Amino acid sequence: MSLESHIRKITTHVLYEMKLRGEKISMLTAYDYSMAKIVESAGIDVILVGDSASNVMAGFDTTLPITLDAMIYHAQSVVRATNRALVVVDLPFGTYQGNSKEALNSAVRIMKETGAHSVKMEGGIEIKESIERILSAGIPVMGHLGLTPQSIYKFGTYTVRAREEDEAEKLIKDAKLLEELGCFALILEKIPAKLAKKVAETLTIPVIGIGAGNGVDGQVLVLHDMLGITQEFSPRFLRRYHNISAEIQGAVENYINDVKSLDFPNEREQY
Ligand code: KIV
């Protein structure tokens with residue numbers, strides 16, 4: 001038996017089993033080969049090729065501008081680095097909302113051209129037809145409710161969602177619908193912890209939170225935020241595990257000094 005066959009790959013079914021036995025699911029974003037390799041080696045369960053690449057990798061203010069081609073490029077790089085983790089790829093804004101045929105084409109392109117294992121879509125009842133069509137083609141779908149950044153111009157703010165009763169009720173209804181349709185998991189972003197816990201207890205599919213408290217079945221963060229690569233973004237829910245941008249900047253400053261002072265390269269660093 002090869003070494004590889006000892007590794008139990010994370011599948012949608014494994015995530016479901018993890019929820020059943022109360023084991024929390026760890027999930028992080030990655031957008032490129034090198035970072036994905038590190039995250040995979042650390043033993044992450046799920047890697048999200050998030051459309052947050054639009055902010056983090058491309059420098060846009062929102063997630064709206066990133067294209068399907070760009071998402072496919074990022075996902076291809078991540079999949080090359082992955083062996084055990086389940087890879088989820090965001091369907092970007094404008095590729096699935098209005099037309100279920102276009103939604104299916106977008107999802108098929110992601111699955112065919114990247115080798116990823118599933119797609120993620122933001123929204124509930126409004127995108128029901130698109131979700132159904134993608135699921136009927138055998139493509140696993142992860143839902144995303146609460147703060148859905150692709151709708152930022154509708155919300156007008158990145159503040160906590162579903163604090164009011166009517167929005168909380170709609171969220172619960174949408175969550176149940178996504179489970180009924182056949183989504184394999186659900187992301188809840190920036191909603192009250194009590195509401196997120198209620199959703200996680202109601203659904204049988206895993207519920208993964210970001211800014212949704214610890215009563216859910218797992219957690220996701222944007223890798224560049226938790227590593228301190230991005231500096232300007234610091235919501236309450238974000239725990240920074242490192243301040244890597246300061247370390248990188250220090251290293252680059254040392255390099256610049258060494259080049260200017262003729263210290264680099266030295267005798268041993270040349271041929
Ligand atoms: O794009 C992304 O990174 C996401 C996470 C914030 C869940 O959707």
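The values are calculated or read from the model by the stated rules, or taken from the named source; none is laboratory data. Model, not experiment: these values are computed from the prediction. Cβ coordinates were reconstructed from backbone atoms using ideal geometry, including for glycine residues, and neighbour counts include every protein chain displayed.
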Practice item. Output the residues belonging to segment 80-110 that are surrounded by fewer than 18 Cβ atoms within 10 Å (Cβ to Cβ) and among the aromatic types (F, W, Y). Key: none
Exercise for review: Note down all Cβ pairs under 6 Å where the first residue falls in segment 43-67 and is farther than 26 Å from L15 by Cβ, the second is assigned to a helix (DSSP H, G or I) and not aliphatic (A, V, I, L, M), and they're at least six residues apart or on different chains.
Suggested key: F60/S54; P65/S54
Review point. List, please: which pairs have Cβ atoms under 7 Å, are six or more places apart or on different chains, and start with a residue in segment 230-249 that is under 20 Å from Q219 (Cα atoms) and end with one that is among the aliphatic types (A, V, I, L, M) and part of a loop (DSSP other than H, G, I, E, B)?
Key: Y241/L227; H242/L227
Review point. Among the helices (runs of 4 or more DSSP H) confined wholly to segment 159-271, which include 2 or more residues that are farther than 17 Å from L28 by Cβ and either within 16 Å of the ligand (Cβ to nearest atom) or of a type in the set (D, E) (or both)?
Key: 165-181, 193-202, 244-260
Check your understanding: Quick check, is F184 at pLDDT below 95 and either among the aromatic types (F, W, Y) or crowded, with 16+ Cβ neighbours inside 10 Å (or both)?
Key -> no
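For (1) of a type in the set (A, V, I, L, M, F, W, C); (2) under 17 Å from Y96 (Cβ atoms); (3) within 14 Å of the ligand (Cβ to nearest atom); (4) touching a strand residue (DSSP E or B) at 6+ places or on another chain (Cβ under 8 Å), each residue gets a yes or a no:
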| position | (1), (2), (3), (4) |
| --- | --- |
| G22 | no, no, no, no |
| L28 | yes, no, yes, yes |
| A42 | yes, no, no, no |
| V46 | yes, no, yes, yes |
| G50 | no, yes, yes, yes |
| T67 | no, yes, no, no |
Point to revise | Residue in segment 19-28 that is more than 28 Å from E232 (Cα to Cα) and in contact (Cβ under 8 Å) with a residue 24 or more places away in the chain present | key: yes
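Please indicate, with yes or no, whether at least one residue in segment 149-157 is over 26 Å from E17 (Cβ atoms), surrounded by fewer than 16 Cβ atoms within 10 Å (Cβ to Cβ) and polar (S, T, N, Q).
yes
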Practice item. May I ask you to verify whether I10 is within 16 Å of the ligand (Cβ to nearest atom) and either at pLDDT 95 or above or not aliphatic (A, V, I, L, M) (or both)? Key: no
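So which of V259, V207, V252 ends up being touching an Asp or Glu at 6+ places or on another chain (Cβ under 9 Å) and aliphatic (A, V, I, L, M)?
Going through V259, V207, V252 in turn, just one is touching an Asp or Glu at 6+ places or on another chain (Cβ under 9 Å) and aliphatic (A, V, I, L, M): V207.
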Revision key, fill the gap. By residue number, the members of segment 115-130 that are assigned to a helix (DSSP H, G or I) and within 16 Å of the ligand (Cβ to nearest atom) are I127
Study note, to complete from the structure: The residue from Q97, Q76 that alone is within 22 Å of E129 (Cα to Cα), away from the ligand (no atom under 14 Å from the Cβ) and out of contact with any Pro (no Cβ under 8 Å at 6 or more places or on another chain) is Q97
